[in-house]
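One structure is given here, and the rest of the page talks about it.
Nothing in this text is a laboratory measurement; each read-out follows from the coordinates by a stated rule. Model, not experiment: these values are computed from the prediction. Neighbour counts are summed over all protein chains in view; Cβ atoms, including those assigned to glycine, are modelled from backbone coordinates with ideal geometry.
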Amino acid sequence: MDAVVSAGVVIAGIFISYSGIQWIDPLISLIIMVVVIFSTWSLLTESLRLSLDAVPENIDVEKIKTKLLKQEGVKNIHHIHIWAMSTTKNAMTAHLILENDLNGGQISKIKAELKHELEHMNIQHVTFETESENCKDEFCE
């Protein structure tokens with residue numbers, strides 16, 4: 001890319017020095033500007049998404065929610081937040097509403113299975129908060 005820009009500047013300079021047509025310089029500058037913007041647009045949009053902690057483009061939140069709700073013992077899910085930690089790693093936090101009669105071992109097993117499933121969906125770092133389905137406390141919502 002840099003070589004093309006440099007070649008454009010050199011060619012414009014040679015053309016201006018032989019022809020004396022000065023408006024070639026701003027024309028070449030505009031053409032170079034368009035080429036640079038066009039070639040870096042995807043990098044700009046990806047950087048913006050990263051800086052805003054937006055859900056990565058390749059992540060489908062509804063598909064993830066559907067997958068999590070298929071897990072035995074999970075009744076509902078809310079407060080789902082997914083963001084990119086880098087250009088290759090994604091993170092997620094969510095509140096799981098679980099069946100009432102689960103013990104600590106069963107809850108740990110559910111979390112581990114869900115984290116494994118999410119790795120296959122390009123989410124590498126997951127934090128779950130769990131609630132029982134009959135929780136009526138203000139901290140459950």
Positions within the stretch 78-117 being within 11 Å of residue 132 (Cα to Cα) and of a type in the set (A, V, I, L, M, F, W, C), in sequence order: 96, 97, 98, 102, 107
Qualifying helices (runs of 4 or more DSSP H) (wholly inside the stretch 1-116; at least 3 residues being over 19 Å from residue 127 (Cα atoms) and among the polar types (S, T, N, Q)): 2-19, 24-51
Verdict on residue 58 being touching a Pro at 6+ places or on another chain (Cβ under 6 Å), in contact (Cβ under 8 Å) with a residue 12 or more places away in the chain and either at positive phi or not aliphatic (A, V, I, L, M) (or both): no
Those residues of the stretch 81-113 which are surrounded by 16 or more Cβ atoms within 10 Å (Cβ to Cβ) and within 30 Å of residue 45 (Cβ to Cβ), in sequence order: 82, 83, 84, 90, 91, 92, 94
